[in-house]
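Enquirer: Could you have a look at this structure, given as structure tokens, before my questions?
The values are calculated or read from the model by the stated rules, or taken from the named source; none is laboratory data. In this text, all values refer to a predicted model and were calculated from it rather than measured experimentally. So basically every Cβ, Gly included, is an ideal-geometry build from the backbone, and we count neighbours across all protein chains shown.
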Amino acid sequence: MISFRCKPFYELTAPQLYSIMALRQEVFVVEQNCAYLDADGKDLKGYHLTGYDDDGKLVAYARLLPKGVSYENFVSIGRIATSPAIRGTGAGQQLMKECLSSMDLIFPGESIKISGQSYLRNFYESFGFVVSGDEYLEDDIPHLPMVR
């Protein structure tokens, strides 16, 4: 069972932020072999959805951003990550449901834009996202712009 919490950046404790950065690095830098600047300045403006297992370990995460931070006319969800240890358990679906619920509370009525990895197209489409442009490479991984 995953327990979710959503907080703005300024409410995160140092240990919570450390866990977030560690999970993001484990997934994006190590597992996906992407060298990129994770501390991009957007964290300060966003909300951080964290999912903890029964032992209190961070196993799921997403960054929720207001309009104008990643996209001029859209709120957005990014840095969507689940720990490799819980993949295949439905945790990704749980995370996306929590993302959408949190977005509805924080940014009611807003259209959401994501940069989804192309191989996850069907996954994101199952949550109402539609492709809104051409495929492109981000950190050498094919991505699609998608809007809900």
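Enquirer: Taking segment 6-57, which residues are in contact with a Ser or Thr (Cβ under 9 Å, 6 or more places away or on another chain) and among the charged types (D, E, K, R)?
Expert: Listed by number, the residues that qualify are 7, 26, 42, 53, 54, 57.
Enquirer: Please go through segment 111-131 and give me each residue that is among the basic types (Lys, Arg) and assigned to a strand (DSSP E or B), ordered by number.
Expert: Residue satisfying the conditions is 113 alone.
Enquirer: Output the strands (runs of 3 or more DSSP E) that fall wholly within segment 1-110 and possess 2 or more residues being in contact (Cβ under 8 Å) with a residue 40 or more places away in the chain and closer than 24 Å to residue 143 by Cβ, or say none.
Expert: The qualifying strands (runs of 3 or more DSSP E) are 47-52, 58-65, 75-82.
Enquirer: Please specify each residue of segment 22-37 satisfying the condition of being within 24 Å of residue 68 (Cβ to Cβ) and under 13 Å from the mean Cα position of the chain (by Cα).
Expert: Initial filter on segment 22-37 (within 24 Å of residue 68 (Cβ to Cβ)): 24, 28, 36-37.
Across segment 22-37, the qualifying residues are 24, 28.
Enquirer: Right, residue 117: at pLDDT below 95 and within 17 Å of the chain's Cα centre (by Cα) or not?
Expert: Yes.
Enquirer: Mind listing whichever residues of segment 111-125 are in contact (Cβ under 8 Å) with a residue 12 or more places away in the chain and either hydrophobic (A, V, I, L, M, F, W, C) or loosely packed, with under 12 Cβ neighbours inside 10 Å (or both)?
Expert: 112, 114, 119, 123
Enquirer: Here is a follow-up. Would you confirm whether or not segment 100-110 contains a residue that is over 12 Å from residue 64 (Cβ atoms), more than 15 Å from the chain's Cα centre (by Cα) and at pLDDT below 95?
Expert: No: segment 100-110 contains no residue that is over 12 Å from residue 64 (Cβ atoms), more than 15 Å from the chain's Cα centre (by Cα) and at pLDDT below 95.
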